[in-house]
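Participant: Please read through the structure below; I'll follow up with questions.
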Amino acid sequence: MKAHDGMYIDGAWRPAAGTGTIEVTNPADETLLATVPAGGPEDVEAAVRAARAALPGWAATPPAERAARLEALQQILAGRRTEIAETITAELGSPLAFSQKVHAAVPVAVCAGYAQLAADYAFEERIGNSRVLREPVGVVGAITPWNYPLHQIVAKAAPALAAGCTMVLKPAEDTPLVAQLFAEAVHEAGVPAGVFNLVTGLGPVAGQALAEHHGIDLLSFTGSTAVGRRIGALAAAGVKRVALELGGKSANVILPGADLKKAVKVGVANVMSNSGQTCSAWTRMLVDAERYDEAVQLAAEAAAKYVTGHPLEETTRVGPVVNAKQHERVTGYIRRGVEEGARLVAGGAELPGGHERGHYVRPTVFADVTPEMAIAQEEIFGPVLAILKYEDTEDALRIANGTVYGLAGAVWSENEDEAVAFARRMETGQVDINGGRFNPLAPFGGYKQSGVGRELGVHGLEEYLQTKSLQF
Ligand code: NAD
């Protein structure tokens, strides 16, 4: 697979300062796909310098021109969608159909949304005797994870560029190839040199250098809560803005009277897609005592239909997880669930049959899960569903809100008003009512320890702006 052996800095691919490399492997068969340079503080320094130098020019570029660059970027991403899907399938392991439908397509929609917003947004408004200007926050440091590798880049880069910010991206070490492809697309779209810069490298080295850099005005991070907490502390010490998109343990609340078959089927699909590596996945299913056994049976049957296999095989619905560390983590949680006394009704910690190599995990469902168990509290980030029983609606709410997280969730009811009333009481940033579809323009982000700030749509754009008031 094609890879650049340099960093994209100041509009060109330049050799890295050091000689270290990162091996990019295919999680489906553990073969080596490519190597990319492992950048360090000197590369981060060069990239931040380029971004700072480009800032005055880009910030002063008329929004209509910024919109035109984003529109060009959207078209390039759409034109290269097959290559994008194949690259993400190779480095992440998601089934090709999912890579096409989600990993390659969603960033195009997000980019289109920001092209439109850059053109339409009111960057100035009048309040009494003041003119309020919304100006770019400055140079953005973006650190992204591997689970939706292009979406998470575009969800930061598109609003940053629309707002007039310049940026340095440090993508996840597992999925740097699609990040390089994105840098090529930015270049092709005619975004001026220095506006977007890419430094590949290890989190504790290149990521840390970026998080600590004094030339960064806003640090936008998506990833684990553990790293997010450190980044938040670093940003606070430097009095920098920070945006954090962290983990989740979202509840899928099936209220009595809801369409159980549909709610369970959609709920299982939500957890199994992308091998469970979705921060907003509904990993806890909450069912009333009366219909609990039926729900467990339906979920076990649904999970059994999720064929685990090579991501390029058409029958595959669940590919491998991203790497050996993640495999160890997920199967460790499955063993822990059994030890804690939960009842395994589908899957398990053993490798699924038929794979000599690759980081495969069996689609797993636990019944008889109680709220204090680790598998009901901690983010597993694998194809593992926990089904919990509730006594009444108040009990369901207590369980739903009973974790440190608050990223997403779902409510199912035969009465939409009842579902909305329940959703209002959930401590979480997004709730899908009766299977409502993902909306790339709606704000996405966490309550509680799931994060700080919002991404996507106009709310996402405003994270990259700061206000100035002129009085007359
Ligand atoms: P991570 O938080 O370690 O990595 C995310 C990004 O942060 C990567 O680009 C990484 O290189 C960088 N990073 C790591 N350490 C850093 C440091 N000290 N300073 C600056 N940057 C640093 O996540 P991971 O190891 O890839 O995954 C571990 C767990 O994180 C997962 O199991 C999952 O629970 C969670 N996760 C959540 C999301 C999400 O979207 N919320 C995404 C990926 C992972």
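Participant: Restricting attention to segment 217-240, which residues are touching a residue at least 40 places away in the same chain (Cβ under 8 Å) and more than 24 Å from TYR148 (Cα to Cα)?
Facilitator: Listed by number, the list holds a single entry, ASP217.
Participant: Can you pull out every residue in segment 222-250 that is open to solvent by 20 Å² or more (accessible area, probe 1.4 Å), more than 8 Å from the ligand (Cβ to nearest atom) and in contact with a Gly (Cβ under 7 Å, 6 or more places away or on another chain)?
Facilitator: If the condition is that a residue be open to solvent by 20 Å² or more (accessible area, probe 1.4 Å), more than 8 Å from the ligand (Cβ to nearest atom) and in contact with a Gly (Cβ under 7 Å, 6 or more places away or on another chain), then VAL242 is the only one that fits.
Participant: If you don't mind, another one. Working carefully through the options GLU83, GLU71, GLU135, find the one that is of a type in the set (Asp, Glu) and under 30 Å from ALA269 (Cβ atoms).
Facilitator: Working: GLU71 fails: under 30 Å from ALA269 (Cβ atoms); GLU135 fails: under 30 Å from ALA269 (Cβ atoms).
Among GLU83, GLU71, GLU135, only GLU83 is of a type in the set (Asp, Glu) and under 30 Å from ALA269 (Cβ atoms).
Participant: Please state which of the following conditions SER94 fails to meet, knowing it meets all the rest: (1) outside any helix (DSSP H, G or I); (2) surrounded by fewer than 18 Cβ atoms within 10 Å (Cβ to Cβ).
Facilitator: (2)
Participant: Considering every residue within segment 383-403, establish whether at least one is within 16 Å of the ligand (Cβ to nearest atom), of a type outside the set (Asp, Glu) and farther than 28 Å from LEU244 by Cβ.
Facilitator: Checked against the condition, which is being within 16 Å of the ligand (Cβ to nearest atom), of a type outside the set (Asp, Glu) and farther than 28 Å from LEU244 by Cβ, segment 383-403 yields no hits at all.
Participant: Within segment 428-441, can you find the residues that are of a type outside the set (Ser, Thr, Tyr) and open to solvent by less than 80 Å² (accessible area, probe 1.4 Å)?
Facilitator: The initial filter retains those residues of segment 428-441 that are of a type outside the set (Ser, Thr, Tyr), namely 429-441.
GLY429, GLN430, VAL431, ASP432, ILE433, ASN434, GLY435, GLY436, ASN439, PRO440, listed by residue number.
Participant: If you don't mind, there's one more thing I want to ask. Taking PRO311 as the residue in question, decide whether it is within 29 Å of LEU32 (Cβ to Cβ) and either away from the ligand (no atom under 16 Å from the Cβ) or outside the structural domain of ASP392 (by TED's automatic domain parsing) (or both).
Facilitator: Numbers: within 29 Å of LEU32 (Cβ to Cβ): yes; either away from the ligand (no atom under 16 Å from the Cβ) or outside the structural domain of ASP392 (by TED's automatic domain parsing) (or both): yes.
So PRO311 passes the test.
Participant: If the requirement is being over 21 Å from ALA90 (Cα atoms) and touching an Asp or Glu at 6+ places or on another chain (Cβ under 9 Å), which of these qualifies: ALA54, ALA34, ALA64? Steps first, please.
Facilitator: Values: ALA34 fails: over 21 Å from ALA90 (Cα atoms); ALA64 fails: touching an Asp or Glu at 6+ places or on another chain (Cβ under 9 Å).
Answer to the check: ALA54.
Participant: So the check is Cβ under 9 Å with 6+ separation or different chains; which pairs have a first residue in segment 446-462 that's farther than 14 Å from ARG229 by Cα and a second one that's acidic (Asp, Glu) and surrounded by fewer than 20 Cβ atoms within 10 Å (Cβ to Cβ)?
Facilitator: TYR447/GLU427; ARG454/GLU462
Participant: Filter segment 7-43 down to the residues that are without any contact (Cβ under 8 Å) to a residue 60 or more places away in the chain and under 28 Å from LEU96 (Cα atoms), then identify the one that is most open to solvent (accessible area, probe 1.4 Å).
Facilitator: For segment 7-43, the residue satisfying everything is GLU23.
Participant: Test GLY190 against the criterion of being within 20 Å of the chain's Cα centre (by Cα) and closer than 25 Å to HIS4 by Cα, and give yes or no. Reasoning before the result, please.
Facilitator: On the way: within 20 Å of the chain's Cα centre (by Cα): no; closer than 25 Å to HIS4 by Cα: yes.
Spelling it out, it is not the case that GLY190 is within 20 Å of the chain's Cα centre (by Cα) and closer than 25 Å to HIS4 by Cα.
Participant: Within segment 259-273, identify whether any single residue is in contact (Cβ under 8 Å) with a residue 40 or more places away in the chain, assigned to a loop (DSSP other than H, G, I, E, B) and within 11 Å of the ligand (Cβ to nearest atom), and answer yes or no.
Facilitator: There is no residue in segment 259-273 that is in contact (Cβ under 8 Å) with a residue 40 or more places away in the chain, assigned to a loop (DSSP other than H, G, I, E, B) and within 11 Å of the ligand (Cβ to nearest atom).
Participant: Under 8 Å between Cβ atoms, at least 6 apart or on separate chains: pull out the pairs that start in segment 178-191 with a residue that is under 14 Å from LEU70 (Cβ atoms) and end on any residue that is surrounded by 22 or more Cβ atoms within 10 Å (Cβ to Cβ) and of a type in the set (Gly, Ala, Ser).
Facilitator: Listed pairs, sorted by first residue: PHE182/ALA157; VAL186/ALA157.
Participant: Got a sec? Which of THR364, THR370 is within 17 Å of LEU286 (Cβ to Cβ) and polar (S, T, N, Q)?
Facilitator: On the way: THR364 fails: within 17 Å of LEU286 (Cβ to Cβ).
Exactly one of THR364, THR370 is within 17 Å of LEU286 (Cβ to Cβ) and polar (S, T, N, Q), namely THR370.
Participant: Could you check how many residues of segment 284-296 are open to solvent by 20 Å² or more (accessible area, probe 1.4 Å) and in contact (Cβ under 8 Å) with a residue 12 or more places away in the chain? Quick ask: steps written out before the conclusion?
Facilitator: Step one: list which residues in segment 284-296 are open to solvent by 20 Å² or more (accessible area, probe 1.4 Å), which gives 289-291, 293-294.
Of the ones still in play, those that are also in contact (Cβ under 8 Å) with a residue 12 or more places away in the chain are 289-291, 294.
Number satisfying all stated conditions: 4.
The values are calculated or read from the model by the stated rules, or taken from the named source; none is laboratory data. Everything quoted here is computed from the prediction, not taken from an experiment. When we count neighbours, we look across all protein chains shown, and the Cβ atoms used for this are built from the backbone with ideal geometry, even at glycine. Surface areas here come from the heavy atoms of the whole protein model, side chains and all, with no ligands, DNA or RNA. Shrake-Rupley method; radii C 1.70, N 1.55, O 1.52, S 1.80 Å.
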